[in-house]
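Accompanying notes for the structure given below.
The values are calculated or read from the model by the stated rules, or taken from the named source; none is laboratory data. Computed from a predicted model, the values in this text were never measured in an experiment. Glycine also receives a Cβ, built like all others from the backbone with ideal geometry; neighbour counts cover every protein chain displayed.
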Amino acid sequence: MTVSTENVTLPQVSIGDIEVSADGLDIAKAAEIYKEYGCLVVRGLMKAHVEEMSREINMVIQESLDQVEQATKNALGWSTPNGTIWLPAPENFDREMQIMCLPISYKNSSAFTRAAMNPTTLDIVEAVLGPNLELFDTGQALVKEAVGGHPKVLHQDAAYFEHRFEGPMAQLNYVVDTDLNNGCLHVVPGSFKLGVLRHEDTFSHLGLDEKEWPWERSVPIEGKAGDAIFFHVKCIHGSKPNWSDKARPVYICRYRDADDYVIIGATTVESRAEAEKHIKKAKNENERNMMVRGFRKFDAARQQD
């Protein structure tokens, strides 16, 4: 169930409190930062994956632009034949819609799969979630187009996919150098301890009340291509528009304990309210994804659900 909070006092945290370097990384220290604040920045962790991820993302961006006249309207905005999700564009655009999410996943990109299997990433995730890990969903590649690319208001991923137990640990990776001008990620350290908050419908789907959760309550994370940001499914985060003259892409891998599963899945206030009615019926059948560490043991009780 969701809760609403006003005038909540959170720890005063600077970027220096939540960042470490991939060089000489202390996994235990990194895990402790994450456990304390619900977020962690590892500088340079994914540098080896930037070139091939950038190449594929740029290829699909162009493919999507070539298909824009074939886009069809749907509940999330629009989609082109290749599966790209589009949102309404700002007034300065020369078309009515802008790219949000590209159809790049572990199912069609070996580069994405290799990135998701990064050994140091898995070491960090194991130190937080335990030895038996699976990928959650199929990966996500988000793009802010140049000169006004969409903001994503502060929100929690748990509003979209609340889990029975700890929930997924996300790893967002910068593909280009990213700063305040082109839409770097903002996080609210410590906010994951608040539980799932009340969200409202926004033009980019679910988000928090901007009066209750203004940007000033968050910490911006500027970084270089290859920097990785880990955050809890209940950590408040978001990003402002891209005002630069180049696209700002990121890709996200999510990991969870092998026995965890979704109990609420939603993209709007209405769909979330409906899903909340059926929490007791939620099961983890048909949600078993690719294991990346450890082993999924047979559970006779679960087979009888």
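Scanning region 9-29 for residues that are in a loop (DSSP other than H, G, I, E, B) and closer than 22 Å to D177 by Cβ yields S14, A22, D23, L25.
Can you say whether A71 is surrounded by 12 or more Cβ atoms within 10 Å (Cβ to Cβ), touching an Asp or Glu at 6+ places or on another chain (Cβ under 7 Å), within 30 Å of E274 (Cα to Cα) and of a type in the set (A, V, I, L, M, F, W, C), as far as the supplied structure shows? Walk me through it before giving the result.
Numbers: surrounded by 12 or more Cβ atoms within 10 Å (Cβ to Cβ): yes; touching an Asp or Glu at 6+ places or on another chain (Cβ under 7 Å): no; within 30 Å of E274 (Cα to Cα): yes; of a type in the set (A, V, I, L, M, F, W, C): yes.
Spelling it out, it is not the case that A71 is surrounded by 12 or more Cβ atoms within 10 Å (Cβ to Cβ), touching an Asp or Glu at 6+ places or on another chain (Cβ under 7 Å), within 30 Å of E274 (Cα to Cα) and of a type in the set (A, V, I, L, M, F, W, C).
Within region 53-75, residues that are without any contact (Cβ under 8 Å) to a residue 12 or more places away in the chain reach partners that are surrounded by 10 or more Cβ atoms within 10 Å (Cβ to Cβ) with beta carbons closer than 7 Å, at six or more positions or on different chains, in the pairs Q70/T80; Q70/P81; T72/W78; T72/S79.
With V13, V41 as the choices, which residue is modelled with pLDDT of 95 or more and either surrounded by fewer than 16 Cβ atoms within 10 Å (Cβ to Cβ) or over 23 Å from M117 (Cα atoms) (or both)? Talk me through it step by step, then tell me what you get.
Working: V41 fails: either surrounded by fewer than 16 Cβ atoms within 10 Å (Cβ to Cβ) or over 23 Å from M117 (Cα atoms) (or both).
The match here is V13.
Residues are listed down the side, and each one gets a yes or a no for (1) of a type in the set (V, I, T); (2) free of Cβ contacts under 8 Å to residues at least 60 places away in the same chain; (3) surrounded by fewer than 24 Cβ atoms within 10 Å (Cβ to Cβ):
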position	(1), (2), (3)
E166	no, no, yes
V176	yes, no, yes
N182	no, no, yes
G190	no, no, yes
T202	yes, yes, yes
H205	no, no, yes
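When the strands (runs of 3 or more DSSP E) confined to region 30-115 are screened for residues that are in contact with a helix residue (DSSP H, G or I) (Cβ under 8 Å, 6 or more places away or on another chain), those reaching at least 3 such residues are found at 39-43, 97-102.
If you go through region 225-243 and keep only what is of a type in the set (K, R) and more than 21 Å from N181 (Cα to Cα), you end up with just K234. Select from region 162-218 the residues that are outside any loop (DSSP other than H, G, I, E, B), among the small types (G, A, S) and touching a Gly at 6+ places or on another chain (Cβ under 7 Å) and list them in ascending order. Correct list: S191 only.
Checking every residue in region 126-145 against the condition of being over 20 Å from the mean Cα position of the chain (by Cα), closer than 29 Å to S271 by Cβ, touching a residue at least 12 places away in the same chain (Cβ under 8 Å) and buried (at least 20 other Cβ atoms within 10 Å of the Cβ) gives zero matches.
What is the residue count in region 121-155 for residues that are in contact with a helix residue (DSSP H, G or I) (Cβ under 8 Å, 6 or more places away or on another chain) and assigned to a loop (DSSP other than H, G, I, E, B)? Please lay out each step first, then the result.
Filtering region 121-155 for residues in contact with a helix residue (DSSP H, G or I) (Cβ under 8 Å, 6 or more places away or on another chain) gives 123-124, 127-128, 133, 135, 139, 141, 143, 154.
This time we only want the ones that are assigned to a loop (DSSP other than H, G, I, E, B), so: 139.
Going through region 121-155 one residue at a time, the tally reaches 1.
The single condition among (1) surrounded by 13 or more Cβ atoms within 10 Å (Cβ to Cβ); (2) of a type outside the set (S, T, Y); (3) touching a residue at least 24 places away in the same chain (Cβ under 8 Å) that E32 does not meet is (3). Restricting attention to region 104-118, the residues that are in contact with a strand residue (DSSP E or B) (Cβ under 8 Å, 6 or more places away or on another chain) and crowded, with 18+ Cβ neighbours inside 10 Å total 5.
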